[in-house]
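S.K.: Input: one structure, supplied below.
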Amino acid sequence: MSKTDDIRWVAQVTLFGDKSAFDKLTCKYQSSIRRFFLNLTMGDAPLSDDLAQETFIKAYMNLNSFKGMAGFSTWLYRIAYNVYYDSARSQKHYADIDEYEIDRQHQTQNEFSAEKMDIYKALKLLRKEEQTAVLLFYMEDKTHVEIAKIMDCPLGTVKTYILKGKEKLSNYLTNAGYGKDK
């Protein structure tokens, strides 16, 4: 599936009302959008599912505004980014996540939950903009240019967010004992 497929499916939805074409777009991007939210919410699966669903609803409702100036995935991640920040502003509950409760919930599902929690703790040290840029770059394989479009900020700012975020993560994880030869 290529970017031309995305454009063709968008055209089928907007010109012909073909809902099955939007289903194809949803199937193509739902895993990566959900993973993006899982990382932003520090593993809160129900919230991630809700945010992903809201993202796809908003994308469907606003598909006529897609101009094709950037790739469909960039446009979709921009919507996801806005959905996340709208949710964070309205609920302000991300700072109050109980990492011990998350670890307890995931320990039977994931044998590496302690390491996962260390990464979540490290991510919590980052400013939200740094966190988003780092996750988009390293977890979602987005380019600096795509991230700048998603976050609606200058390219140099994105590079700074990633550099500062990477430094903070590296310092935290090194101090936590990762990367050291024992």
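Just so you know, all these numbers are worked out from the coordinates, no wet-lab data involved. Quantities reported herein were computed from a predicted structural model and do not represent experimental measurements. We place every Cβ from the backbone using ideal geometry, glycine too, and count neighbours over all the protein chains shown.
S.K.: Return the FRET efficiency for the residue pair residue 91, residue 65: r is the Cβ-Cβ distance, R0 is 30 Å, and the value is rounded to the nearest 0.05. Walk me through the numbers before you get to the answer.
M.R.: Values: r = 26 Å, r/R0 = 0.87.
The value I calculate is 0.70.
S.K.: Can you give the local net charge around residue 30? Use residues other than it whose beta-carbon is closer than 12 angstrom to its beta-carbon, Lys and Arg +1, Asp and Glu -1. If you can, show how the numbers build up before the last one.
M.R.: Numbers: positive: 24, 28, 34, 35; negative: 23, 49.
Here the count lands on +2.
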